[in-house]
Every structure is written in structure tokens, then in C-alpha cells.
Amino acid sequence: MFYLCTPIFIPNIVEHQNIYILAIESSCDDTSAAVLCNGKVLSNVVATQKIHEEYGGVVPELASRAHQQNIVPVVHQALAKANIDKKLVSAIAFTRGPGLMGSLLVGTSFAKSLAMGLKVPLIEVNHMQAHILAHFIADEGTAKPKFPFLALTISGGHTQIVLVRDYFDMEILGETLDDAVGEAFDKSAKLLGLPYPGGPFLDKYAQLGNPDAFQFPEPKVDGLNFSFSGLKTSILYFIQKQSKNNPDFIKENINDICASIQGCIIKILLHKLETGVAQTGIKEIAIGGGVSANSGIRAALKQMEVTHGWRTYIPKFEYCTDNGAMIGIVGHLKYLDGDFSKTTIGVKARYGF
Ligand code: KG4
Ligand code: ZN
């Protein structure tokens with residue numbers, strides 16, 4: 001191992017029997033660290049920041065302060081759970097973007113310092129690529145998508161249909177023109193008085209309701225792009241109108257309202273995927289991102305295997321919402337490619353493929 005005049009550490013890969021990646025994720029409001037050995041997860045620690053609940057959304061300044069407090073204990077815990085000494089770490093992977101600038105800076109600065117202290121390479125990771133490549137975490141029993149496949153990435157900040165030709169050969173075919181699908185869940189939940197983040201709560205009530213109880217319009221958007229801001233507005237008007245006639249409308253119909261909103265979102269996503277399949281001829285479909293934890297979306301996608309002959313890939317719950325393990329698998333793949341980063345690298349709040 002040696003140090004070049006450009007501040008980048010190049011490992012002697014043959015030295016390593018095992019590749020241990022320590023991965024750090026801090027793009028939004030979860031501080032996470034994971035340790036992977038040869039692509040297999042040894043630990044995946046996530047500290048979710050509760051502070052944002054009382055504000056009904058992520059407050060960027062509070063998020064970066066909480067990352068500052070969490071990052072050392074989270075990394076310590078990840079190493080302890082993996083039961084490895086930090087001297088064994090082959091490389092440090094970190095989220096470079098996209099995300100909140102202040103949040104990204106905490107994880108990035110920590111990763112750089114640790115890489116320099118341990119004299120190991122640094123590997124930058126695109127968070128949205130990581131949501132897709134989480135499918136390649138070497139956990140036993142999970143089938144891996146075959147290239148080329150279509151990835152539907154649905155999170156609190158993004159909604160994209162991506163053509164994935166290879167690990168690092170990705171093309172965005174369509175994306176949201178306004179709100180992300182996670183925002184559609186969270187904003188709808190807020191209108192119903194549910195806590196933040198509302199997606200999981202809306203999902204829970206939806207499981208008890210009738211998705212055909214109320215109708216919401218499906219937006220007309222060309223191609224593979226999405227729009228969710230109109231849906232949010234129509235839900236707002238619907239709730240206002242119904243609550244005027246019956247102040248207890250939400251309380252009395254919470255299950256059906258949630259099921260109908262979720263049903264409408266699922267229809268939008270599946271119709272776009274059908275268009276994507278028709279355009280590309282690819283029936284290999286993987287989903288990723290926090291919203292892929294949604295029980296209705298998971299069930300609807302599995303049903304498409306039966307009705308449309310798709311082969312679908314759904315990540316384990318713990319790899320859907322933001323987590324260090326997904327950053328770690330990208331780190332592992334880049335390590336094998338010898339794709340390392342300089343320690344002068346900066347963060348990217350917006351980061352395409
Ligand atoms: O990927 P993620 O953890 O963070 C971002 O990169 O944005 O996604 C967070 C989003 C939030 O909007 C949250 O409400 C949503 O994922 N989410 C869900 C569910 N679990 C998390 N939305 C619907 N149903 C769920 N079960
Ligand atoms: Zn995410």
C-alpha cells in the first residue's frame with residue numbers, strides 16, 4: 001500500500017484474502033454504517049433521527065447536527081457488531097450525493113478522515129445507484145436481477161425508471177417532474193393527521209381498507225415521467241370537502257382513505273412500468289428506495305409476475321430505506337474495479353448517473 005502525490009490510496013489487492021468495506025450513509029435523516037465482507041453484510045447499523053417528527057418533515061440544519069452526534073457511535077457499533085478490528089478494513093465507502101448538503105458533508109468528512117487515518121482507499125457512492133445495486137448484496141436466498149433490467153427507484157426524494165445495462169451503466173428513462181412518490185405518501189399522510197414520515201402509517205391503515213372506496217385521478221404525463229403534485233392537491237380538496245360535511249370523516253374512514261390513496265399511487269407506478277416494459281422489451285424488473293418497503297407495492301409487483309410474465313426483484317425490508325449496506329455493496333463493486341476516489345473529493349447535492 002502506498003501514498004501517491006495525488007491524495008489517493010491504492011491498495012495492493014492481492015494482499016487481501018477478504019475485502020472488508022466500511023460504508024457510511026448520511027444523505028438525509030438516517031445516520032448509517034455497515035461492514036461488508038466480500039459483499040456480504042456483517043453489520044448494518046441505522047440511527048433514525050426522531051427530531052424531525054415534531055416538525056412534520058426533515059429540517060436540514062437539525063439533520064446535519066444529529067449526524068455529527070451519531071456518526072462516531074454508529075461507526076463504532078457497526079465495527080463491533082461485525083466483530084472486526086478497524087485495521088482489517090480494506091476501504092471506506094461513503095455517500096457523495098444526492099442529498100442534503102450539510103448531511104452529506106458530515107459523512108463525507110468523517111469517511112475522508114478515517115480513510116486517511118487508516119491509510120486505506122476512499123470510495124465515493126451515488127446514493128440512487130446504491131438503492132438499485134442493493135439487490136446485489138450477497139445475502140443467501142435472494143435472487144439477483146439479470147442485466148439488462150429496469151429499476152423503479154422510489155424514495156422520499158426521487159422517483160425514477162432506470163435502464164440498468166450493467167453495474168455502472170445506467171440510464172434514467174423517466175423521472176418525476178415534481179414531487180417524489182415518498183413525498184406523495186408523506187404529504188397525504190400529513191393531511192390525514194398522521195405522524196412523519198407518514199408512508200409507513202398510510203401503508204398500515206391501507207392494509208385494513210378498501211382501495212376502491214374513493215377515486216383519485218391518475219395524472220396524464222407523457223412517456224416514462226411521473227407527476228404527483230396534482231394527486232396531492234386532489235386529496236387535499238377531497239378531504240376539505242368531506243370534512244366540511246362530516247367533521248369526523250377522516251376518523252371514520254381512515255382505512256378506506258389510505259387504501260384508496262395507496263391504490264392510486266400503485267396504479268400510477270404500475271402503468272408507467274408497463275409502458276417501460278413495452279418500450280424496451282425488458283421484463284426483468286427491480287424496485288428500490290424507501291417506498292419499496294410498501295406492502296401494497298410489493299404485493300402488486302409480485303402479481304405482475306403472474307399476470308404479465310415479469311420477473312420481479314424486491315429488496316429485503318432493511319435494504320429498502322436508507323442504509324449503509326447498500327453503500328457498502330457499491331463500495332465492494334468499485335473496489336473490485338479499482339475505482340477509488342481522491343481525498344480532495346467534494347459532495348454533490350444533485351448527482352446524476
Ligand atoms: O429511501 P428513503 O429511506 O430516503 C430517501 O432517500 O428519501 O425513503 C424514505 C421514504 C419516505 O417518504 C417514507 O415515508 C417512505 O420512504 N416509506 C414508505 C414506507 N416505508 C418508507 N412509503 C410507503 N410505505 C411504506 N411502507
Ligand atoms: Zn434513499
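With a 1.4 Å probe and all protein chains in place, put Phe340, Phe110 in order of accessible area, largest first.
Ranked from most to least accessible, the order is Phe110, Phe340.
Over the chain, with a Gaussian network built from C-alpha contacts below 10 Å, which listed residue (Ala134, Ala189, Ala23) shows the highest mean-square fluctuation?
Ala189
Can you give me the Cα centroid spacing of segment 153-194 and segment 206-243 in angstrom?
About 16 Å separates the Cα centre of segment 153-194 from the one of segment 206-243.
Cβ neighbours within 10 Å, averaged per peptide: list 116-126, 273-283 in order, most packed at the top.
So the peptides 116-126, 273-283, ranked by packing, come out 116-126, 273-283.
Heavy atoms of the protein only, probe of 1.4 Å, neighbouring chains included. What is the accessible area of Ser113 in Å², nearest 10?
Taking all protein chains as shown, Ser113 has close to 80 Å².
Quick one: accessible surface of Ile239, probe radius 1.4 Å, all protein chains present, in square angstrom to the nearest 10.
Taking all protein chains as shown, Ile239 has close to 10 Å².
So for Thr142, Thr153, what's the accessible-area order with a 1.4 Å probe, most first?
Thr142, Thr153
Between the alpha-carbon centers of segment 281-339 and segment 105-122, tell me the distance in whole angstrom.
Between the Cα centres of segment 281-339 and segment 105-122 lies a distance of 28 Å.
Under a GNM of the chain (C-alpha, springs under 10 Å), which listed residue has the highest mean-square fluctuation: His308, His271, His332?
His308
Tell me the carbon and sulfur percent of the accessible area for the chain, rounded to whole percent, probe radius 1.4 Å.
54
Is any helix in the chain, taking whole DSSP H runs, at least 27 angstrom long along its axis by alpha carbon and on average at least 0.0 on the Kyte-Doolittle scale, and which ones?
Helix filter hits for the chain: 249-280.
GNM on the chain, C-alpha springs below 10 Å: top fluctuator among Glu53, Glu140, Glu252?
Evaluated over the chain, the most mobile residue of the options is Glu140.
The values are calculated or read from the model by the stated rules, or taken from the named source; none is laboratory data. The model shown is predicted, which means the values in this text are computed figures rather than measured ones. Neighbour counts are summed over all protein chains in view; Cβ atoms, including those assigned to glycine, are modelled from backbone coordinates with ideal geometry. Keep in mind that these areas ignore ligands, DNA and RNA; they rest on the heavy atoms of the full protein, side chains included. Shrake-Rupley method; radii C 1.70, N 1.55, O 1.52, S 1.80 Å.
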